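*Asks:* Right, I'll just put the structure down here and ask away after.
The values are calculated or read from the model by the stated rules, or taken from the named source; none is laboratory data. Computed from a predicted model, the values in this text were never measured in an experiment. Cβ sites come from the backbone with ideal geometry, for glycine too, and all protein chains shown count toward neighbours.
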Amino acid sequence: MIKTALSLAIAGFLWSAPAGAQQRNLGPATGSVSIRQLQVAFIGSGAIGGGVLKFGGRSYDITVAGLGVGGIGASRLLARGPVYGLKRVDDFVGPYVQLREGWAIGDTGRGRLWLRNANGVTLRLNTQRRGLQISLGADGVVIGFKQ
């Protein structure tokens, strides 16, 4: 499992352009997403949560889960931001490569998440964190629609 997450993380680093270049090439936002998640890390990391995708005038409940590498500690986070490159709602679900950075000490914390899937959908999220954590790493994340 960790070997797979590490492979996804390395592929993500090689596949992704620098953050500044990505932002210029993403075009206009096509939707927005908010995610509530619990992250736990001690070299390896895991996360589970859910949220809401807003796309095409509708709201969709989503689930989020992932494994990766990097960081230490635990935090609850609220992540919000734009969705780019989403043409059909079905292109949103599936596996993503996620890069993350952030910190939390008590009720204070911040960070960022960058996610991209094979359908060209990109999420650029700002986070608010609570807990005790330093988060810097990469993950394989699966997003689905809540049943």
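*Asks:* In contact with a Leu (Cβ under 9 Å, 6 or more places away or on another chain), surrounded by 21 or more Cβ atoms within 10 Å (Cβ to Cβ) and either under 20 Å from residue 27 (Cβ atoms) or not hydroxyl-bearing (Ser, Thr, Tyr) (or both) - does that describe any residue in the stretch 56-67?
*Replies:* No, every residue in the stretch 56-67 fails to be in contact with a Leu (Cβ under 9 Å, 6 or more places away or on another chain), surrounded by 21 or more Cβ atoms within 10 Å (Cβ to Cβ) and either under 20 Å from residue 27 (Cβ atoms) or not hydroxyl-bearing (Ser, Thr, Tyr) (or both).
*Asks:* I've got another one for you. Return the pairs, sorted by first residue and then second, in which the second residue is part of a strand (DSSP E or B) and of a type outside the set (Ser, Thr, Tyr), the first residue lies in the stretch 82-109 and is without any contact (Cβ under 8 Å) to a residue 24 or more places away in the chain and within 16 Å of residue 134 (Cα to Cα), the beta carbons are less than 7 Å apart, and the residues are 6+ apart or on different chains.
*Replies:* If the second residue must be part of a strand (DSSP E or B) and of a type outside the set (Ser, Thr, Tyr), the pairs left are 107/130.
*Asks:* How many residues does the stretch 112-147 contain that are closer than 17 Å to residue 80 by Cα, of a type in the set (D, E, K, R) and under 9 Å from the mean Cα position of the chain (by Cα)?
*Replies:* 3
*Asks:* Out of everything in the stretch 103-127 that is in a strand (DSSP E or B) and of a type in the set (S, T, N, Q), what residue ends up being surrounded by the fewest Cβ atoms within 10 Å (Cβ to Cβ)?
*Replies:* 108
*Asks:* Please work out which residue is surrounded by the most Cβ atoms within 10 Å (Cβ to Cβ), limiting yourself to the stretch 128-147 and to residues that are closer than 14 Å to residue 36 by Cβ, in contact with a Lys or Arg (Cβ under 9 Å, 6 or more places away or on another chain) and charged (D, E, K, R).
*Replies:* The selected residue is 129.
*Asks:* Just to check your reading of the model, which residue among 75, 34, 45, 59 is assigned to a strand (DSSP E or B), closer than 12 Å to residue 139 by Cβ and modelled with pLDDT of 90 or more?
*Replies:* 45
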